[in-house]
Structure formats: structure tokens, C-alpha cells
Amino acid sequence: MINYKDLGLVNTREMFKKAVDGGYAIPAFNFNNMEQLQAIVMAAAETKSPVILQVSKGARQYANQTLLRYMAEGAVAYAKELGWENPQIVLHLDHGDAFETCKSCIDMGFSSVMIDGSHLPYEENVALTKKVVEYAHQFDVTVEGELGVLAGVEDEVSAAESHYTKPEEVVDFVTKTGCDSLAISIGTSHGAFKFTPEQCTLDPQTGRLVPPPLAFDVLAAIEEQLPGFPIVLHGSSSVPQDEVDTINKFGGALKAAVGIPEEQLRKAAKSAVCKINIDSDSRLAMTAAVREVFANKPAEFDPRKYLGPARDNMKKLYIHKIKEVLGSDNKA
Ligand code: G3H
Ligand code: 13P
Ligand code: ZN
């Protein structure tokens, strides 16, 4: 049993309270490899932003859960080396699928876990989330639950259609489970194709697809039920069109990729939404940079020469999110 506090990590409790009170949101960035982690830590250290490092099921399969945990421990030391005196870094399990997965992460030093029972019947979601909370709280590990189902298909996290969170269920869920934060569904979804072209309108000036707005009325109704309670938004990549254009220009095939407009995320960040999950945008930034190097320098075969630009591009993206969208800079 390793406690996250001995690794220099923090849980989300204090961080979320400050974010809700201060009208900003904490970035939750997924990581799968060293360059992504370096870019996240550099961006957070440079902007003095609290940050959540997220590990998904896919990441655990790809990179190994133990290795990722040690990388997060290294991230704390690296942040200090970069001059961030008191790094506020959370190591979080993203979309935990079972009690055993959550327990295993808690036992090896994660400071926060998500138990995603959103696909289960309500009472089963309550029972599973409660069980995880009871275990996690013994070690002061914080727990994110989820109510409502996100649309989109990514990894095992999928649903045929979006089912918004029912505001009338949230008080009962939070009270019965004791969870520390709640992921909700208000129209976001995972991946780079969040809406079909049919769901969007076409901006005649730019020729770009404009997605429908998020259900801010549902968010407001949830906030009314749970004043000040930390709310989480998954599926919050904006799918930057310049990255998509670069990918397509250099041989990619991402047609009709569309995300959540930044102004909507800015608005959400000012509400009780205090954790915003971003993964796909980082994948796009990495892929765009790598494709550009390969296209312009076909003789290049030193991975540092294409992963380096990929890292730079991801760092730029993370800093942009922190400063221009979530408003979490200078909060740690
Ligand atoms: O919620 C989904 C995340 O983007 C992680 O996806 O399981 O493919 O790593 P992944
Ligand atoms: P995106 O696919 O929009 O980046 O969402 C990531 C996410 O919600 C991770 O849990
Ligand atoms: Zn998610």
C-alpha cells in the first residue's frame, strides 16, 4: 500500500473547492507517454496551474499502470525542478470500470479515482460508487461518480445516444454515495467527432460546422439542486480546426471532426464545473506536428526530431487551455 501523499501528490478536495468559489476549472489531461506528460508538467509549472493527470483504461493497457504511476511521481519532482515550489498535481483514474480497478489504483498511489457506473441501472450505480467511496475515503482519496450517459464511441466508453443527467436524481446520488464530484452529461461526448454534420449548422463565412450548444439549462438545474458541489465535464475537447487542417494537409483523413466551442467551455468553467477533461485535442496536436515533420523531412528517422515538435505543440495547447479557456493559471 502506497499513499499518494508520500509521493507529493494531492487529492481534488481543496482544489475543487477553490475552483468552484473562484469561477475557474481545473484541467484534467489524459497521458499515455512521456512526451505528453512532459508537456503537461511544463505547461502547468509555467502557468502555476493545478493539474489533474488522468490515466484511462486504454492508457493502462498501452503503457502499464505501474509505470504510469511512477511517471506521475517523477512529474512532481520534475515540476519542482522547473521552479514550481508547491506543485498541485493529482493522479486520477479516468473511467474506472470496477471496484477492483479503483482499489488497485488507490493501493498504488493514485490520489483520485473515477468510478464510472453511468451505464448501469441507477441503484447499481449508487451501490458501486458507494463501495468505491467507502474504500477510497479511508485513505483520503477523492472519488468522481457519473450520472447520465455521454454519446460517442471511444474505447469502452460508449453509448448509442446521449442521455442527459436528470437533475432530480443528483441530490439522492450524491447523498447516498458520498462521492466528492459528479460527472454529468449535458451534450458533450468523447473523441474528435462529437456531432454529426446533420446536428450542426454551416457557418457560411468559414465553411466550418457549428455544433449545437450544450444544455446549460440542465447544468443550471443541477447547480440549483447541488449548490457549490463540484461538477465534472467529460468530452470537452474543442477539436482545434487548425490542427485538423494540418493533419489533413499532410496526408491525414479527418473529415468533419468537430468539438465543443471554447466559448462554451469558458462559460462552463465559470459555473460549478470545476474539472474539464481533455484528451482528443492533445492527440490532434501531437499528430499534426508529427505529420508535418514526416511530410517536410521524409529522411528524418530520429524519434526526438518528430516527438520533440509534437511535445512543443502539446505544451502550447495545454497553456492555451489553462490561460484562455479554463482560467486556472496562477492558482497554485
Ligand atoms: O474518456 C476517454 C479518454 O479519452 C481515454 O481514452 O481509453 O482511448 O485512452 P482511451
Ligand atoms: P475528449 O475526447 O473530448 O478529449 O474527452 C476526454 C475525456 O472525457 C476523458 O475522460
Ligand atoms: Zn471521459
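Points to keep in mind about this one:
- Residue under evaluation Ala295, criteria (1) within 16 Å of ligand 2 (Cβ to nearest atom); (2) part of a helix (DSSP H, G or I), criterion not met: (1)
- So Met42, is it over 21 Å from Ser181 (Cβ atoms) and modelled with pLDDT of 95 or more: yes
- Considering residues of the stretch 88-107 that are in a helix (DSSP H, G or I) and within 25 Å of Ser49 (Cα to Cα) only, the residue nearest to ligand 2 (Cβ to nearest atom): Cys105
- Restricting the stretch 45-55 to residues that are away from ligand 2 (no atom under 16 Å from the Cβ) and not hydrophobic (A, V, I, L, M, F, W, C), the residue that is surrounded by the most Cβ atoms within 10 Å (Cβ to Cβ): Ser49
- Residue match in the stretch 269-276 (condition: away from ligand 3 (no atom under 16 Å from the Cβ), hydroxyl-bearing (Ser, Thr, Tyr) and more than 20 Å from Val232 (Cβ to Cβ)): no
- Among the candidates Met71, Met114, the residue that is closer than 16 Å to Thr177 by Cβ and outside any loop (DSSP other than H, G, I, E, B) is uniquely Met114.
- Residue among Met42, Met34, Met114 that alone is under 18 Å from the mean Cα position of the chain (by Cα), within 28 Å of Asp329 (Cα to Cα) and within 16 Å of ligand 2 (Cβ to nearest atom): Met114
- Selection from the stretch 180-191 of residues that are within 16 Å of ligand 2 (Cβ to nearest atom) and not β-branched (Val, Ile, Thr): Ser181, Leu182, Ala183, Ser185, Gly187, Ser189, His190, Gly191
- Residue check, Ile89 among the β-branched types (Val, Ile, Thr) and either under 20 Å from Asp281 (Cα atoms) or under 18 Å from the mean Cα position of the chain (by Cα) (or both): yes
- When Gly58 is tested against (1) within 16 Å of ligand 2 (Cβ to nearest atom); (2) buried (at least 22 other Cβ atoms within 10 Å of the Cβ); (3) assigned to a helix (DSSP H, G or I), exactly one condition is not met: (2).
- Among the residues here, Glu262 qualifies as modelled with pLDDT of 95 or more, touching a Ser or Thr at 6+ places or on another chain (Cβ under 6 Å) and surrounded by fewer than 18 Cβ atoms within 10 Å (Cβ to Cβ).
- Of all the numbered requirements in (1) farther than 28 Å from Ala268 by Cα; (2) of a type outside the set (A, V, I, L, M); (3) within 16 Å of ligand 1 (Cβ to nearest atom), Gly83 misses one, and that requirement is (3).
- Contacts under 6 angstrom Cβ, first residue in the stretch 43-56 being at positive phi, partner assigned to a loop (DSSP other than H, G, I, E, B), 6 or more apart: Lys48/Asn330; Lys48/Ala332
- Taken together, the criteria exclude Leu214 from residues that are in contact with an Asp or Glu (Cβ under 8 Å, 6 or more places away or on another chain) and buried (at least 17 other Cβ atoms within 10 Å of the Cβ).
- Matching residues, the stretch 281-295, being more than 11 Å from Val244 (Cβ to Cβ) and among the small types (Gly, Ala, Ser): Ser282, Ala289, Ala295
- Qualifying residue in the stretch 193-213 (condition: of a type outside the set (Phe, Trp, Tyr), at pLDDT 95 or above and touching a Ser or Thr at 6+ places or on another chain (Cβ under 6 Å)): no
The values are calculated or read from the model by the stated rules, or taken from the named source; none is laboratory data. Keep in mind that this is a model prediction, so the values were computed, not measured. Ideal geometry is used to build each Cβ from the backbone, glycine not excepted, and the neighbour counts take in all protein chains shown.
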